[in-house]
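Comments concern the structure below.
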Amino acid sequence: MTTYKGIKGFTVQTLTSDPSTPSAIGQVYYHSPSNTLKYVSEGGAPGGSWSSGGNLNTARTTGGLAGSITAGLYFGGNTPPSTQITEEYNGTAWSEVNNMTETARDQMYGWGTQTAAISAAGVTGSTGGKSKLAEEYDGTSWSAITENTTARQAGCSAGKVQTAGIIIGGKDSTGPGNSDNNMTEFWNGSAWSELNNLNTAGAYMAGGGSSTSALCGVGGNRPAQNESWNGTCWSEIAEQNTFRDQGGGAADSNTAGIIYGGEGPPVTAKTESWDGSSWSEVADMATARSMGSGGTGGQSGGPTSVLGVGGQIAPGARTNLTEEWTAPVLKVNTVSTS
Amino acid sequence: MAYKYITATNWGKDFFTHEERKQFYLSGYPGDVWVVGDNSDGDAWIEKVSGVSKTKEQAQAIVDTIVESAKVAWDLESDDYKALNSRPTDIILP
């Protein structure tokens with residue numbers, strides 16, 4: 001007969017407190033204070049919620065975002081006009097630090113950490129001029145790096161470390177007016193190179209992840225063409241439940257991410273999580289917004305830890321509000337005999 | 001679901017917490033208007049943030065005033081602006 005000891009190598013333990021580390025996932029234990037048998041399963045977005053974070057010092061839309069909910073970096077954006085302002089977040093409050101050095105812009109692509117981030121491309125709001133300027137942040141100041149290939153704005157990006165990130169799609173100037181772009185460009189720390197294109201060009205999309213496993217192009221101006229990236233090529237994935245563009249997004253990989261906010265219209269507070277096969281509605285933001293962080297930049301923290309920063313709230317005002325999404329890594333369940 | 005209507009200024013961190021978000025409905029609107037689930041946890045939060053009680057009609061009027069102002073401002077904008085930004089729409093409180 002199969003026994004718990006035979007599977008796990010030890011008998012059911014008696015614990016006085018619930019486990020809190022991921023290594024406990026799969027464990028069955030007797031919880032003595034409550035006289036119940038419990039087990040630990042994976043947590044994730046369904047148990048998540050948004051709480052209020054510190055307010056930005058400068059309300060703005062469409063900045064770039066890097067880092068985490070305890071060490072975040074929000075740069076550029078539109079107040080209006082476009083700005084070079086950079087702020088760092090410590091989990092409680094935002095502090096203004098050194099400005100970006102290149103031309104003020106918004107709707108840029110960004111990724112990395114609070115001490116090692118990249119900002120690329122974007123648009124100068126006052127002129128509408130698209131940019132291919134790129135900069136890197138070292139925790140203290142910004143400095144110019146090699147420009148990316150195609151000037152563009154309002155796509156999405158993915159990257160967990162400064163030396164490996166991708167920028168995807170957006171609006172470029174290659175055709176009449178603003179043309180949707182399908183390009184993927186990879187930054188390796190010293191140079192840009194072109195990778196395989198999106199299947200369908202688009203802009204104002206949400207996403208996140210890494211240069212080898214990402215969600216990008218979720219929503220945007222092409223509602224039926226969400227795509228995931230495996231490091232080599234893009235594949236179409238299922239549609240989200242509520243169409244929106246200019247929303248925020250974050251992903252740990254191409255099988256774990258969330259999207260939040262955006263505009264249908266109307267501006268929405270809805271949040272959805274992606275598990276690799278389908279989208280599920282999870283807890284809403286408290287304040288609906290579009291064009292906040294993530295709408296044009298990538299976050300790597302999702303779906304258990306995400307910053308929703310700034311943006312535009314109905315009926316059109318820039319906001320300085322921050323919300324923090326956290327979801328438990330594990331879930332404690334009580335065994336029931338009923 | 002029953003709601004209460006208040007105004008309160010979001011001061012930032014811990015204005016509302018994860019725990020509170022799980023205890024009662026909460027949704028923010030223009031004019032620092034908040035719609036709060038009508039239960040004891042919601043009442044405790046209203047007290048925490050020094051919320052000023054409003055009737056639903058009063059709260060809706062605050063929102064309507066801001067939306068109407070935004071519509072007027074949008075109507076005065078350039079065609080380029082209007083091409084990139086949709087006209088503000090009415091917001092109906094739950």
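Bear in mind these aren't lab numbers, they're just calculated from the coordinates by the rules spelled out. Every value quoted in this text rests on a predicted model; they were computed, and no experiment measured them. Note that each Cβ is placed from the backbone with ideal geometry, even for glycine, and that neighbours are counted across all protein chains shown.
Simple point charges give the picture: +1 on the Cβ of Lys and Arg, -1 on the Cβ of Asp and Glu, and for chain A a dipole about the Cα centre of about 480 debye. Summing Lys and Arg as +1 and Asp and Glu as -1 over all other residues whose Cβ lies under 11 Å from the Cβ of residue A:319 gives a net charge of +2. Compactness check for segment A:138-225: Cα Rg over 2.2 N^0.38 Å is 1.08. Considering only B:73, B:59, B:83, the Gaussian network model of chain B with Cα springs below 10 Å gives its largest mean-square fluctuation to B:83. Model label points for residue A:193 and residue B:58, set 7 angstrom from Cα along the Cα-to-Cβ axis, are 6.5 nm apart. Got a sec? Which residues in segment A:235-259 would a label at residue A:149 touch, if it sits 7 Å along Cα→Cβ and we count backbone N under 19 Å? Of the residues in segment A:235-259, A:235 have backbone N under 19 Å from the label point off residue A:149.
For segment A:156-165, backbone phi angles converted through the Karplus equation (6.51, -1.76, 1.60; θ = phi - 60°) give residue-by-residue couplings of 9, 8, 8, x, 9, 10, 4, 8, 7, x Hz, Gly and Pro being listed as x.
Scanning chain A for chymotrypsin sites (Phe, Trp or Tyr not before Pro) that sit in a DSSP loop and have at most 16 other Cβ atoms within 10 Å, the longest stretch containing none of them is A:11-242. Over all directions, the projected convex hull of the C-alpha atoms in segment A:41-167 averages 8.4 nm² in area. Placing pseudo-labels 7 Å out from each Cα toward the beta carbon at residue A:337 and residue B:69 gives an inter-label distance of 6.4 nm.
Computed from phi, the 3J(HN,Hα) profile of segment B:55-72 under the Karplus parametrisation 6.51, -1.76, 1.60 (θ = phi - 60°) reads 6, 4, 5, 5, 5, 5, 5, 4, 5, 4, 4, 5, 5, 5, 4, 5, 5, 4 Hz, with x in place of Gly and Pro. On the basis of the beta-carbon distance and an R0 of 22 Å, residue A:236 and residue B:89 show a calculated FRET efficiency of 0.10. Applying 1/(1 + (r/R0)^6) with R0 = 41 Å to the Cβ-Cβ distance of residue A:34 and residue B:50 gives a FRET efficiency near 0.65. Dividing the Cα radius of gyration of segment A:194-338 by its Kirkwood radius returns 1.01 for Rg/Rh. Both the radius of gyration and Dmax for the protein assembly as shown are 22.4, 79 Å, in that order, over alpha-carbon atoms. Against the empirical 2.2 N^0.38 Å (N residues), segment B:1-40 has a Cα radius of gyration ratio of 1.12. Each principal axis of segment B:3-84 carries a Cα extent, and these read 49, 26, 18 Å when sorted largest first. Remark: segment A:142-147, residue by residue, has Karplus-estimated 3J(HN,Hα) of 9, 9, 5, 10, 4, 5 Hz, where x stands for each Gly or Pro and the curve is 6.51 cos²θ - 1.76 cosθ + 1.60 at θ = phi - 60°.
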